[in-house]
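Visitor: Quick one: this structure, given as structure tokens, is what I'll be asking you about.
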């Protein structure tokens with residue numbers, strides 16, 4: 001009985017090792033702020049708020065990869081399929097504090113290289129990982 005307990009604990013531990021560290025630490029986009037145009041020629045910015053900052057080694061200019069978790073469906077057997085997690089954007093940090101950073105999108109992965117996932121812009125709940133400090 002104890003052997004089964006330790007095997008289940010070990011499998012849980014090994015399973016956790018396969019997750020990206022940002023998922024385990026919970027680094028995500030927690031807010032989005034859009035500007036509203038005051039005239040037709042105004043350049044608009046979209047700020048993304050992330051729950052990582054200088055305490056995690058982030059600085060102005062750091063690059064972050066953005067990932068989306070997508071649930072799949074096994075349509076043949078009519079049940080839930082596995083979740084997939086894929087990178088679809090890159091951010092550049094423009095402001096940083098202890099545990100918070102403000103970033104903007106600098107790149108999207110081309111659509112032909114990623115799964116079709118509906119809303120293709122960065123949104124609250126997307127996970128982030130450091131790409132380049």
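The values are calculated or read from the model by the stated rules, or taken from the named source; none is laboratory data. Just so it is clear, the model here is predicted, and its values are computed rather than measured. Cβ placement follows ideal geometry from the backbone for every residue including glycine, while neighbour counts extend to all protein chains displayed.
Visitor: Out of region 61-97, which residues are under 15 Å from residue 30 (Cβ atoms) and part of a loop (DSSP other than H, G, I, E, B)?
Guide: Result: 97, single match.
Rundown of residues vs (1) surrounded by 13 or more Cβ atoms within 10 Å (Cβ to Cβ); (2) at pLDDT 95 or above; (3) within 15 Å of residue 98 (Cα to Cα), yes/no style:
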| site | (1), (2), (3) |
| --- | --- |
| 27 | yes, yes, yes |
| 39 | no, no, no |
| 44 | no, no, no |
| 65 | yes, yes, no |
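Visitor: Does residue 58 qualify as being part of a loop (DSSP other than H, G, I, E, B) and at pLDDT 95 or above? Outline the logic, then answer.
Guide: On the way: part of a loop (DSSP other than H, G, I, E, B): yes; at pLDDT 95 or above: yes.
Yes; evaluated as a whole, the condition is true for this residue.
Visitor: When you go through (1) at pLDDT 95 or above; (2) part of a loop (DSSP other than H, G, I, E, B) one by one for residue 115, which number turns out not to apply?
Guide: (1)
Visitor: Using the structure shown, decide if residue 131 is modelled with pLDDT under 95 and surrounded by 11 or more Cβ atoms within 10 Å (Cβ to Cβ).
Guide: So residue 131 fits the description; yes.
Visitor: Right, something else. Can you confirm whether residue 124 is in contact with a strand residue (DSSP E or B) (Cβ under 6 Å, 6 or more places away or on another chain) and in a loop (DSSP other than H, G, I, E, B)?
Guide: Spelling it out, residue 124 is indeed in contact with a strand residue (DSSP E or B) (Cβ under 6 Å, 6 or more places away or on another chain) and in a loop (DSSP other than H, G, I, E, B).
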